[in-house]
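Taken together, the values in this text are just the output of simple stated rules run on the coordinates, not laboratory data. Only a predicted model underlies this, so the values are computations on that prediction, with no experimental measurement involved. Ideal geometry is used to build each Cβ from the backbone, glycine not excepted, and the neighbour counts take in all protein chains shown.
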Amino acid sequence: MASSVHTPSFKGNGTPRPGHLPFSSLDSLVQNAPSETATSYTRSDLPENLLRALDVAIDKSAKAPVILNVTDITGYTDWVLILSGRSERHVAAVADSINGELRKHGCKAEGTDGFGDHTWDLLDYDHFMVHVFYHPVRMHYDLESMWSDAARAELDLPAEVTDVSDLDALDTPHDLPAYRGDLVFGGFDDEFDDDDDDLDDDLEGAELPDDLDDDLEETPPAQDPVDLPPEDDEAEVLPPDAGDELD
């Protein structure tokens, strides 16, 4: 059970802060306890398949796992698992292993993103999302700081999992991946398009007031024409000596 009851006031509608690196190492970020304003969770509070994803990632040597509860922040998912990999190949191996293991248990990703370059692989399982980063890209987008008010799970991981000192020296790629999905956090490009379709459906089946047609068919009262002064057909003729008087 959660150790306290509190709803974070921050609703999170901002863009990520690229290049914002408040931590020289994610080791302190993973080990630090949640803030006093956030609810604290333990492994027993986590969905079973989210725990499976975490365990598979650790087995594949992913580093610095962080799980955030973002139910009151994003509005479209409940949990976010963030991980670091040491290379693009490593990121691919972690993401593929998570995807394959969860499929064995009937949990299929509703969408994936980033599997072309494997610097930021995103797997969407509806009620939780998994972000597998090439470590410098994770530090560049710094999602943990953007959602610093989010409650996080106490994972009690060993130091060899949380220590990223061997990853801090990795170079940031010149071609950074685009921010994954919607600006609020990890939603896919078409994730929110259904809202417009639902509105159209609602309007199509809606009943209009009986007198609406009458109001539309009413012709506004005609206004009285405005009397304009008559126009002179002939231009004013100046006297023959008008030019002499001007000289």
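Of the peptides 78-88, 152-162, 61-71, 129-139, how do they stack up when ordered by the mean number of other Cβ atoms within 10 Å, highest first?
Highest-to-lowest ranking by the protection proxy: 129-139, 61-71, 78-88, 152-162.
Given 37 °C and 0.692 mPa s, compute D for the stretch 101-142 with the Stokes-Einstein relation, Rh being the Kirkwood radius over Cα pairs; round to the nearest whole µm²/s.
Rounded to a whole number, D works out at 296 µm²/s.
Normalised by the number of residues in the stretch 26-164, what is the relative contact order in percent for Cα pairs under 8 Å and 6+ residues apart?
34
So, counting K/R as plus one and D/E as minus one, what does the shell of residues with Cβ under 15 Å around residue 49 add up to?
Local charge sum for residue 49: -3.
Within a Cβ distance under 11 Å of residue 80, other residues only, what is the Lys/Arg minus Asp/Glu net charge?
Cβ neighbours under 11 Å give a net charge of -2.
For the stretch 26-164, rounded, prolate or oblate, judged on the Cα gyration tensor with a ≥ b ≥ c (square roots of eigenvalues), a/c < 1.5 rounded, else prolate if a/b > b/c?
rounded
Within 14 Å, Cβ to Cβ, of residue 100, how many net charges do the neighbouring residues add up to if Lys/Arg are +1 and Asp/Glu are -1?
Surrounding charge for residue 100 is 0.
Please get the size of the charge dipole for the stretch 26-164, origin at its Cα centre, with Cβ charges of +1 on Lys and Arg and -1 on Asp and Glu, quoted in debye to the nearest 20.
Here the size comes out at about 400 debye.
So how much slack lies between residue 103 and residue 89, counting 0.36 nm per residue of separation and subtracting their Cα-Cα distance, in nm?
Details: separation 14, 0.36 × 14 = 5.04 nm, distance 2.11 nm.
Taking residue 103 through residue 89 to full extension adds about 2.9 nm, to one decimal.
Using 7 Å Cα-to-Cβ label points, what is the residue 117/residue 42 separation (nm, one decimal)?
So the two model labels end up 4.2 nm from each other.
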